[in-house]
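K.L.:
Dumping the structure here so I can ask a few things about it.
The values are calculated or read from the model by the stated rules, or taken from the named source; none is laboratory data. Because the structure is a prediction, the values reported are computed rather than measured. Cβ placement follows ideal geometry from the backbone for every residue including glycine, while neighbour counts extend to all protein chains displayed. Heads up: the accessible areas ignore ligands, DNA and RNA and are worked out on the full protein's heavy atoms, side chains in. Shrake-Rupley method; radii C 1.70, N 1.55, O 1.52, S 1.80 Å.
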Amino acid sequence: MLADKYRPWRFEHVWGQGDAVDQLTGLAQLRKGAHLLLAGAYGAGKTTLVRIFARALNCEDLAENGSPCGRCRSCGAPERDYLIEYDVPGRGGDREGVLAWVEAHNREPANSEWRVLFLDEAHALQPAAMDGLLRVVEEPQPRVVFAFATTEPWSLKA
């Protein structure tokens, strides 16, 4: 896809998201995984930021500004080793489907330092799925981070 070809892969290439970049680079520099909720308009960079953060958490030679180096073994590894994405509208936001996906992937990573489980367009999750996610998000497996992106944060359950 054209969007993927030109998608930024370093934090300093992301424009207009200074506060989010500062928070994520700080976490990456500390090598600290943290659950994320990114909210904003379509095209604001939510998915891009999650992808860069996942790569930075696993980078073996992190740049001084917290960006992934792009040269190490981890940066060259396929994203599926450390970032597992669930497109909620495309795959369905029902409880059974979402929890089956979490069950399959919510485990300590074997080939990377961190694993990021990313639910894109999280506002499309059904209420029962949100309830089911509560426990696993509050008590994740070691070195597993959940990331949620939404254009409608008011649609998510508190």
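K.L.:
Go through the residues of the range 119-133 one by one and say whether even a single one is surrounded by fewer than 17 Cβ atoms within 10 Å (Cβ to Cβ) and among the charged types (D, E, K, R). Before you say what the answer is, go through the steps one by one.
P.N.:
Initial filter on the range 119-133 (surrounded by fewer than 17 Cβ atoms within 10 Å (Cβ to Cβ)): 126-128, 131.
If we keep only those that are among the charged types (D, E, K, R) as well, we get 131.
Looking for residues that are surrounded by fewer than 17 Cβ atoms within 10 Å (Cβ to Cβ) and among the charged types (D, E, K, R), one finds at least one in the range 119-133, hence yes.
K.L.:
Oh, and also: Consider Ala20 carefully, then state whether it is in contact with a Gly (Cβ under 7 Å, 6 or more places away or on another chain) and not in a loop (DSSP other than H, G, I, E, B). Show your work before the answer.
P.N.:
Numbers: in contact with a Gly (Cβ under 7 Å, 6 or more places away or on another chain): no; not in a loop (DSSP other than H, G, I, E, B): yes.
It is false that Ala20 is in contact with a Gly (Cβ under 7 Å, 6 or more places away or on another chain) and not in a loop (DSSP other than H, G, I, E, B).
K.L.:
Among the numbered criteria (1) open to solvent by less than 40 Å² (accessible area, probe 1.4 Å); (2) of a type outside the set (S, T, N, Q); (3) within 25 Å of Pro142 (Cβ to Cβ); (4) in a helix (DSSP H, G or I), which one does Gly33 miss?
P.N.:
(4) is the only condition that Gly33 fails.
K.L.:
Being without any contact (Cβ under 8 Å) to a residue 24 or more places away in the chain and under 30 Å from Gly43 (Cβ atoms) is the filter here, so list the residues in the range 105-153 that pass it. Give the steps one after another, and end with the answer.
P.N.:
If we filter the range 105-153 for residues that are without any contact (Cβ under 8 Å) to a residue 24 or more places away in the chain, which is where we start, we get 105, 110, 134-135, 138-139.
If the condition is that a residue be without any contact (Cβ under 8 Å) to a residue 24 or more places away in the chain and under 30 Å from Gly43 (Cβ atoms), then His105, Leu134 are the ones that fit.
K.L.:
Continuing with the same structure: Can you find, within the range 40-69, the residue that is nearest to Gly18 (Cα to Cα) among those that are crowded, with 17+ Cβ neighbours inside 10 Å, touching a helix residue (DSSP H, G or I) at 6+ places or on another chain (Cβ under 8 Å) and of a type in the set (A, V, I, L, M, F, W, C)?
P.N.:
Among those that are crowded, with 17+ Cβ neighbours inside 10 Å, touching a helix residue (DSSP H, G or I) at 6+ places or on another chain (Cβ under 8 Å) and of a type in the set (A, V, I, L, M, F, W, C), it is Leu49.
K.L.:
Here's something else I'd like to know. From the residues in the range 70-79 that are open to solvent by 40 Å² or more (accessible area, probe 1.4 Å) and in a helix (DSSP H, G or I), which one is modelled with the lowest pLDDT?
P.N.:
Going through the qualifying residues, I end up with Glu79.
K.L.:
Tell me which residues, restricted to the range 80-118, are surrounded by 14 or more Cβ atoms within 10 Å (Cβ to Cβ), of a type outside the set (Gly, Ala, Ser) and part of a helix (DSSP H, G or I).
P.N.:
Residues satisfying the conditions are Asp81, Val88, Arg91, Arg95, Val98, Leu99, Trp101, Val102, His105.
K.L.:
Continuing with this model, one more query. Can you find, within the range 2-17, the residue that is nearest to Ser67 (Cα to Cα) among those that are assigned to a loop (DSSP other than H, G, I, E, B) and either under 18 Å from the mean Cα position of the chain (by Cα) or modelled with pLDDT of 95 or more (or both)? Walk me through how you get there before you give the answer.
P.N.:
We begin by selecting, within the range 2-17, every residue assigned to a loop (DSSP other than H, G, I, E, B); these are 6-10, 14-17.
In the following step, the residues that additionally are either under 18 Å from the mean Cα position of the chain (by Cα) or modelled with pLDDT of 95 or more (or both) were identified as 7-10, 14, 17.
Working: Arg7: 14, Pro8: 11, Trp9: 8, Arg10: 5, Val14: 11, Gln17: 14 Å.
My answer is Arg10.
K.L.:
How do the pairs read when you match residues in the range 23-44 that are free of Cβ contacts under 8 Å to residues at least 60 places away in the same chain with residues anywhere that are loosely packed, with under 13 Cβ neighbours inside 10 Å and in a strand (DSSP E or B), using Cβ under 6 Å and keeping only pairs 6 or more apart or on different chains?
P.N.:
Between residues of the range 23-44 that are free of Cβ contacts under 8 Å to residues at least 60 places away in the same chain and residues that are loosely packed, with under 13 Cβ neighbours inside 10 Å and in a strand (DSSP E or B), there is no close pair.
K.L.:
Just a yes or no: is a residue in the range 150-158 part of a loop (DSSP other than H, G, I, E, B), more than 26 Å from Trp15 (Cβ to Cβ) and either open to solvent by less than 10 Å² (accessible area, probe 1.4 Å) or hydroxyl-bearing (Ser, Thr, Tyr) (or both)? Step through it out loud before you land on a result.
P.N.:
Residues of the range 150-158 that are part of a loop (DSSP other than H, G, I, E, B), as a first pass: 151-152, 156-158.
Filter again for more than 26 Å from Trp15 (Cβ to Cβ), leaving 156-158.
Checking the rest, the ones that are also either open to solvent by less than 10 Å² (accessible area, probe 1.4 Å) or hydroxyl-bearing (Ser, Thr, Tyr) (or both) come to none.
Within the range 150-158, none of the residues are part of a loop (DSSP other than H, G, I, E, B), more than 26 Å from Trp15 (Cβ to Cβ) and either open to solvent by less than 10 Å² (accessible area, probe 1.4 Å) or hydroxyl-bearing (Ser, Thr, Tyr) (or both).
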